[in-house]
Amino acid sequence: MDKFVIDGARPLAGEVHCSGSKNSALPILAAALLCDGESVISGVPRLRDVDSLLAILRELGMSAERRADGDILLKVEDLEPVTARYELVSTMRASFCVLGPLVGRRRRARVSLPGGCVIGVRPVDLHIRGLRALGAEVRVENGYVVAEAPRLRGAKIFLSGQFGPTVTGTANILMAAVLADGRTIIENAACEPEVQDLGNFLAAAGARIAGIGTHRLVIDGVKSLRGVTWRVIPDRIEAGTFLLAGAITRGAVTVRDCEPDHLSALLAALTEIGVPTEVGADFIRTGPADGFRPYHLTTLPYPGFPTDLQAQMMALLALADGICAVTERIYPDRFMHVAELNRMGADIRKEGANALIHGVEHLSGAPVMASDLRASAALVNAALAARGRTEIGRVYHIDRGYEKIVEKLLGLGAAIERVDDKKLVGATADSEG
Ligand code: EPU
């Protein structure tokens, strides 16, 4: 099993390319289940999660291959299979996104429940409620969601729970509704850029969707969708992670090929904290900060501050000149990184869905353990800023969401090495993302 060894306290400098969005690519690949003919998807990052989903799509009767140029070709060859197995779905939560397209196109689906993960319980009740509203019969049987719908009929659906809208829930219901009879209205739909990208992909394939990018999606069902050529949007969370890596090391990092409009909440926070930023049409640059002013952070649905950057921002706030508060409004238990950051000298106390940070002057390298994708990214950023050497175990978590992270950080001047540590034990394929 690999670990990262990082010698910190070196300001990062230079330019880094932003990869395509993982959380955009996954539902779009699943949406190809709805299309007649071939779809060609570009910009899909080379990640383990993508390979896991392609394996599921192949079992669902699709040809799915990555060309030498990186594009992924997808075509439905067999409409019969409807089962997404536990062994595959449990490795990655986002594979639950095949549920909507299967019900929409094949009128039947048997998809393993993804289960919880370290960032929280993560129920799928809203996905099920939405499908039922469209007329599907849905039951949970032997750990599988079984949905049957000889006909799907458009309906008005309020798709929101105690933590607000659901991203993959909106994706699933949208994908089920595009081929349903009549009009579906999804109220309080998620409007994250990744949901917009999916909506735009479906529209290019022939779906009739109004309100993309708002909390109200109006979908008029069509008879069929065609295959399309599509490029997924840049990964705003990867971009944000590198910008925060630049900021925490008091370096000057430019993230190229990103979409600055998708990062407004982060840019506003960096400005408040005192990190200079410069924004172009497709790049963002951070400059060295003199210090980090205290900041109170609350994660919110888009366009609020993303939960997927909370851990990385907390690493930075650990070095603030004063006291900061972090409130997690999406996943109240997403604080696995707190204990590990404290091992590196941070002073963070967690109380319920809040964390209170007393800024310290510096972090120091320590052996730490990655627990989930974004927590690992926070530890990498903390290690880049910390004095001395940090060893991060279980980096398979980070491989799920960051394409070529070691190469990219080396390009920015980081002292990072991936080493095989056979002594580490206890790795399991945890479901998150
Ligand atoms: N929720 C329910 N019931 C449901 C669905 C969600 O109560 O049926 C709750 C969740 O427990 C959570 C909130 O609603 O408290 C929002 O969850 P959401 O459904 O929006 O999350 P998701 O779709 O499962 C996606 C991303 C996550 C990201 C969240 C929030 C993908 C593949 N995953 O998850 O990404 O944190 O939206 O923005 O798009 C990551 O990339 O590290 C990651 C975890």
- [ ] Give Gly227, Gly161, Gly221 a once-over and let me know the one that is within 16 Å of the ligand (Cβ to nearest atom) and not acidic (Asp, Glu).
- [x] Gly161
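Would you say Phe242 is assigned by TED's automatic domain parsing to the domain that holds Leu267, at pLDDT 95 or above and farther than 27 Å from Thr83 by Cβ? Write out each step before concluding.
Details: assigned by TED's automatic domain parsing to the domain that holds Leu267: yes; at pLDDT 95 or above: yes; farther than 27 Å from Thr83 by Cβ: yes.
Against the criterion (assigned by TED's automatic domain parsing to the domain that holds Leu267, at pLDDT 95 or above and farther than 27 Å from Thr83 by Cβ), Phe242 qualifies.
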Task: Boolean, Pro332 is closer than 25 Å to Lys22 by Cα and within 16 Å of the chain's Cα centre (by Cα) - done: no
Open item on the list: Going residue by residue through the range 188-197, is there one that turns out to be more than 28 Å from Arg334 (Cβ to Cβ), in contact (Cβ under 8 Å) with a residue 40 or more places away in the chain and either outside the structural domain of His337 (by TED's automatic domain parsing) or of a type outside the set (Gly, Ala, Ser) (or both)?
Closed with: no
Open item on the list: Could you tell me how many of the residues in the range 284-338 are more than 16 Å from the ligand (Cβ to nearest atom) and charged (D, E, K, R)?
Closed with: 4
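Okay, residues lined up against (1) of a type in the set (Asp, Glu); (2) over 26 Å from the mean Cα position of the chain (by Cα); (3) open to solvent by 50 Å² or more (accessible area, probe 1.4 Å); (4) farther than 16 Å from Asn23 by Cα:
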residue	(1), (2), (3), (4)
Arg132	no, yes, yes, yes
Ala136	no, yes, no, yes
Ala155	no, yes, no, yes
Leu198	no, no, no, no
- [ ] Could you please give the count of residues in the range 315-331 that are surrounded by fewer than 24 Cβ atoms within 10 Å (Cβ to Cβ), of a type outside the set (A, V, I, L, M) and in contact with a strand residue (DSSP E or B) (Cβ under 7 Å, 6 or more places away or on another chain)?
- [x] 3
Task: Enumeration of residues in the range 167-191 that are open to solvent by 20 Å² or more (accessible area, probe 1.4 Å), within 12 Å of the ligand (Cβ to nearest atom) and out of contact with any Asp or Glu (no Cβ under 6 Å at 6 or more places or on another chain) - done: Thr168, Asn188
Open item on the list: Report every pair of residues separated by at least 6 positions or lying on different chains whose Cβ atoms are under 8 Å apart, first residue within the range 287-306 and touching a residue at least 24 places away in the same chain (Cβ under 8 Å) and under 16 Å from Arg374 (Cβ atoms), second more than 16 Å from the ligand (Cβ to nearest atom) and open to solvent by less than 10 Å² (accessible area, probe 1.4 Å).
Closed with: Leu297/Ala269; Leu297/Leu317; Leu297/Cys324; Phe305/Ala269
- [ ] Mind listing whichever residues of the range 394-433 are at pLDDT 90 or above and in contact with a Pro (Cβ under 7 Å, 6 or more places away or on another chain)?
- [x] Glu403
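The values are calculated or read from the model by the stated rules, or taken from the named source; none is laboratory data. None of the values given here were measured: they were computed from a predicted structure. Cβ sites come from the backbone with ideal geometry, for glycine too, and all protein chains shown count toward neighbours. Just so you know, the surface numbers come from the protein's heavy atoms only, side chains and all, with ligands and any DNA or RNA stripped out. Shrake-Rupley method; radii C 1.70, N 1.55, O 1.52, S 1.80 Å.
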